[in-house]
1. Condition first: assigned to a loop (DSSP other than H, G, I, E, B) and free of Cβ contacts under 8 Å to residues at least 24 places away in the same chain. Now tell me which residues in region 219-229 satisfy that.
2. Inside region 19-109, counting only helices (runs of 4 or more DSSP H) that do not spill past its ends, which hold 2 or more residues that are within 26 Å of residue 134 (Cβ to Cβ), under 23 Å from the mean Cα position of the chain (by Cα) and free of Cβ contacts under 8 Å to residues at least 60 places away in the same chain?
3. Based on what the data block shows, is residue 84 surrounded by 22 or more Cβ atoms within 10 Å (Cβ to Cβ), within 25 Å of residue 317 (Cα to Cα) and not assigned by TED's automatic domain parsing to the domain that holds residue 218?
4. Taking residue 232 as meeting all but one of (1) surrounded by fewer than 18 Cβ atoms within 10 Å (Cβ to Cβ); (2) touching a residue at least 12 places away in the same chain (Cβ under 8 Å), write down the number of the exception.
5. How about region 189-218: which of its residues are part of a helix (DSSP H, G or I) and touching a residue at least 24 places away in the same chain (Cβ under 8 Å)?
6. Please go through region 297-352 and pick out each residue that is without any contact (Cβ under 8 Å) to a residue 24 or more places away in the chain and farther than 28 Å from residue 81 by Cβ.
7. Quick check on my filter: what residues within region 187-216 are closer than 30 Å to residue 360 by Cβ, at pLDDT 90 or above and surrounded by 14 or more Cβ atoms within 10 Å (Cβ to Cβ)?
8. Take the conditions part of a loop (DSSP other than H, G, I, E, B) and either at pLDDT below 95 or buried (at least 16 other Cβ atoms within 10 Å of the Cβ) (or both) and apply them to residue 272. Does it pass?
């Protein structure tokens with residue numbers, strides 16, 4: 001429908017596009033043409049990449065090689081955790097979406113930063129780009145809202161008695177996300193060939209070499225090298241501190257976009273075999289922005305507080321989201337389509353808490 005990246009999923013059918021969708025894409029394309037701005041290959045993006053990657057390297061070197069006292073290592077560990085997420089939000093995320101550069105090789109290379117910090121760019125591309133972005137908040141299809149029996153994120157999940165406390169214990173589980181990811185999830189997916197109940201093609205050839213090479217590199221910098229300078233219990237303790245902070249931040253940022261009171265959780269009409277809305281309207285109904293006016297947070301999160309724009313145009317660099325959000329919101333208002341956004345970060349966090357508590361008590 002346009003030269004921009006809006007992918008129509010084929011496993012779930014959506015209604016045909018209307019004048020609203022065509023006008024929205026037209027206005028966004030006109031913005032880039034008239035403003036002479038680049039969708040990708042942005043100098044500010046390169047600068048953010050340099051700063052976030054340097055932040056990671058300096059924090060790691062301070063922890064391992066500087067011989068700091070325990071409190072200095074704690075502060076440096078907090079810095080490293082924040083830096084790892086900054087690099088993931090700003091560099092890896094855009095690159096794997098193809099939004100970093102117009103050159104595929106550059107996107108692929110920058111996406112491999114994820115392989116170096118404990119994840120897998122290959123598996124993330126399948127899990128996040130396909131299952132989450134194609135089917136946000138659709139139970140059984142969006143992997144980001146599927147956490148087994150541990151929590152109930154959608155009204156369509158089975159309720160267990162302990163879910164009545166999920167709004168209390170979920171924050172600890174969020175802290176375990178990165179640890180589970182590093183030590184279990186990717187290996188389980190590789191050897192089973194499944195993401196939840198979805199079968200995927202396992203990495204082969206060079207992709208497999210990168211998968212296992214990245215894991216070896218990560219375990220080396222996370223455990224082997226630090227153990228040459230500190231007792232192993234220190235190494236494990238600070239790994240847990242860094243990874244748990246990383247998991248909490250990462251989980252909250254992504255959950256504030258979808259698992260909140262304002263977001264919808266529709267299901268496909270089994271008889272008709274189609275959703276009752278277009279794909280773009282579905283993205284708008286299931287996605288919520290937060291803290292759009294906070295420039296510091298926008299910089300750190302790589303524009304992930306503008307999740308609406310990201311879901312509609314994932315192939316555009318996040319540097320452009322603040323300006324694009326004005327176009328999207330204005331077009332939605334003109335056509336009577338809901339555009340949801342929380343004023344601040346705490347507003348979004350409160351809504352996420354309320355949603356978890358509501359599902360904890362709902363039948």
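The values are calculated or read from the model by the stated rules, or taken from the named source; none is laboratory data. Quick caveat, the model's predicted, so the values are computed rather than measured. Backbone-built Cβ (ideal geometry, glycine too); neighbour counts: all protein chains shown.
1. Just the residues of region 219-229 that are assigned to a loop (DSSP other than H, G, I, E, B), to begin with: 228-229.
Within region 219-229, 228 is the sole residue that qualifies.
2. Details: elements: 19-35, 43-65, 70-87, 93-96.
It comes to 93-96.
3. no
4. Going through (1) surrounded by fewer than 18 Cβ atoms within 10 Å (Cβ to Cβ); (2) touching a residue at least 12 places away in the same chain (Cβ under 8 Å) one by one, residue 232 breaks only (2).
5. So the first thing to find is which residues in region 189-218 are part of a helix (DSSP H, G or I), and the list is 189-192, 206-218.
Listed by number, the residues that qualify are 189, 190, 207, 210, 211, 213, 214, 215, 217, 218.
6. Scanning region 297-352 gives 326, 329, 330, 333, 334, 336.
7. Taking region 187-216 first, the residues closer than 30 Å to residue 360 by Cβ are 188-189, 194-198.
Now drop any that are not at pLDDT 90 or above, which leaves 188-189.
189, the sole residue that qualifies.
8. Values: part of a loop (DSSP other than H, G, I, E, B): yes; either at pLDDT below 95 or buried (at least 16 other Cβ atoms within 10 Å of the Cβ) (or both): yes.
Against the criterion (part of a loop (DSSP other than H, G, I, E, B) and either at pLDDT below 95 or buried (at least 16 other Cβ atoms within 10 Å of the Cβ) (or both)), residue 272 qualifies.
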